[in-house]
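Each remark here refers to the structure printed beneath this line.
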Amino acid sequence: MIDARFPKTFLWGGATAASQVEGSWNSDGKGLDTQDCRPLPAVPFHRRKDSCPFEEMTSEKYQAALSCEDEGAYPFRWGSREYDHWREDIELYDELGLKIYRLSISWARIFPNGDDPEPNPKGLAHYREVFEECHRRGIKLLVTMHHYAIPVHLVNEYGGWKNRKLIDLFVRYAKVLFANYGDLVDYWLPFNEINAGRFNPYNGVSLIRDREEHFDQSVHQALHHQFVANARVVQLAKCMVPNAMVGCMIARFCHYPATCNPADQLQCLHDEQYTNWYYTDVMMRGAYPAYVNRYFDSMGVVLDVTQEDLELLRLNTCDFVSFSYYFSQVSTTDEGWEKTGGNLVVSSKNPYLETSEWGWQKDPTGLRITLNQIYDRYQKPIFITENGLGAKDTFEPDNSVHDPYRIDYLRSHIQAIKEAIGDGVDVIGYTMWGIIDLVSCGSQQMSKRYGVIYVDADDEGRGSFRRFKKDSFSWYQKCISSNGEDLA
Ligand code: BGP
């Protein structure tokens, strides 16, 4: 009888992203970036009738943001004010017992315009301080280089990732990061959720739909540039930080066929291929899979790919696979099938699953299935770089937050990871999203809270921004100190 256990080296952690926590959007020489330009939604998500989780960027909104100094109208400009609170946040992470902290570097803090001749010394010094503090406390680092936000100048001047020029600029940025932080960082992710390029092109590849003549073509060409950039960063890491591990990351969508009708089974196969495998196959196997030809063909997409690109992809695959996992969805050919919410996507409803307040279908078994599928395919270490529950919390008069729903979610998902380890899957770490309350990426609300640490701020950025421990804080602390044995 297999008694599944987490390995002693398991990396328990927490995750954040610069644009969602830092705030201080124009301090110490930081340039304006693409996430700073996303305005407060015109209609708050919870009052919309449909379940579309985000408002798409338009040229009009983007242009208005470029010249607007109003911090209040743009939630990512304030975030959780982590730029001012980072010392106390790291102290809390240490108290929690985190073995690893996943965070992202803001490209616009290092190169305010993306193509500046020299990096910004204040931006470099900031992350150095943060990383040294983690290092001093024995907290390892998993650093994302690109978590949606890029300097706006790269969009205005070059059109974002659809321009091949961004590859060189990104590699130059990566080189600066390796040179400055290579002694402190053990794990690197060049791109957060690279498949976002397809399901949210503004976030993923910095494209604004109404500016593109052939949108699908631009999206997939931009993705190709990111794949090549990823391969070049892997190549660079081999010389500059040979002891570090470089991973790929996608938002992983676990699909179930709605019925045993072969049409639904085929739909499920295609959904898995086009939303998940395409991306990890390129970065883990080093080549475009055969099935994408039909996919591209259906959209009239013809990629501009050089022999040199293909060689780079082939020779520079990633050391580990990572993904975010929040929910599962249903594949169906029935267009009338009931819909529900999802991570920057709308998905089909599964009658066997409960949903979060935002309609996301809670499914720990789907995580176990996903881990097995990925390991079967690549036989490489797996890091779960995001998982958690966005929920409304009640802040009590005595400064407490009772969040049993979050504990239940974490418990069931951690239990599922343990079972997957028992199935033989090599899972090396888990960074819970978002360890501290932050502005939601999809709905842009602070009130969609993920943290085990509460931040006193509302959806308009009003509040003291003081930090408080929720009940889930001590629960996760116990989970970590028992290495996943005590999940009560
Ligand atoms: C992922 C993003 C994160 C994070 C998370 C939760 O797609 O990488 O940045 O925000 O989803 O989503 P949301 O914030 O929309 O609830």
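Bear in mind that the values in this text are calculations on the coordinates, not laboratory data. Given the structure is predicted, the values throughout are model-derived calculations rather than measurements. Heads up, the Cβs are rebuilt from the backbone with ideal geometry, glycines too, and the neighbour counts pull from every protein chain shown.
Brief remarks on what is shown
- Amide H contacts of residue 80 (H built 1.01 Å from N, under 5 Å, at least 5 apart or other chain): 21, 22, 23, 439
- Highest to lowest packing among 354-361, 409-416, scored as the average C-beta count within 10 Å: 409-416, 354-361
- Look at where the Cα atoms of the range 425-443 and of the range 458-488 average out, and the two centres are 13 Å apart.
- Antiparallel DSSP beta bridges within the chain, percent to nearest 5: 20 percent
- Summarising the overall dimensions of the chain from its C-alpha atoms, the Rg and Dmax are 21.0, 64 angstrom.
- Loop-located trypsin sites (Lys or Arg not before Pro) in the range 298-407 whose Cβ has at most 16 other Cβ within 10 Å (DSSP): 392
- Calculated Rg and Dmax of the range 246-404 using C-alpha coordinates, Å: 18.4, 64
- Near residue 447, the amide H atoms lying under 5 Å from its own belong to 459; only residues 5 or more places off or on other chains count, and H is placed 1.01 Å from N.
- Mean residue ellipticity (222 nm) of the chain, computed from DSSP H runs ≥ 4 via -39,500 (n - 2.57), nearest 500: -11000 deg cm²/dmol
- Three-way shape call for the range 172-233 based on the alpha-carbon gyration tensor, with the a/c threshold at 1.5: prolate
- Computed from label points 7 Å out along Cα-Cβ, the spacing between residue 132 and residue 66 is 3.9 nm.
- Size check on the range 316-365: the Cα extents along the three principal axes, sorted descending, read 43, 25, 20 Å.
- For the range 144-150, 3J(HN,Hα) computed residue by residue from phi via the Karplus equation (6.51, -1.76, 1.60; θ = phi - 60°) reads 8, 8, 9, 10, 6, 8, 10 Hz, glycine and proline entered as x.
- For the range 119-132, 3J(HN,Hα) per residue [Karplus equation, 6.51 cos²θ - 1.76 cosθ + 1.60, θ = phi - 60°, Hz, x = Gly/Pro]: x, 7, x, 5, x, 4, 5, 4, 5, 4, 4, 4, 5, 5
- Among the listed pairs 349/380; 380/448; 61/162; 339/448; 362/448, those beyond 24 Å (Cα-Cα): 349/380; 380/448
- Size descriptor, Kirkwood hydrodynamic radius, that averages inverse alpha-carbon separations across the range 180-271, Å: 15.7 Å
- Cα centroid separation - the range 298-347 against the range 134-205, whole Å: 19 Å
- Pairs of Cα atoms in the range 265-321 fall into 10 Å distance bins, from 0 up to the last occupied one, in shares of 22, 49, 26, 3 percent.
- Point-to-point label distance, residue 352-residue 265, nm (Cα→Cβ direction, 7 Å offset): 1.7 nm
- Inter-centroid distance (Cα atoms) of the range 231-259 relative to the range 66-96, Å: 27 Å
- Potential extension, residue 8-residue 305 segment - 0.36 nm per residue separation minus Cα distance: 102.6 nm
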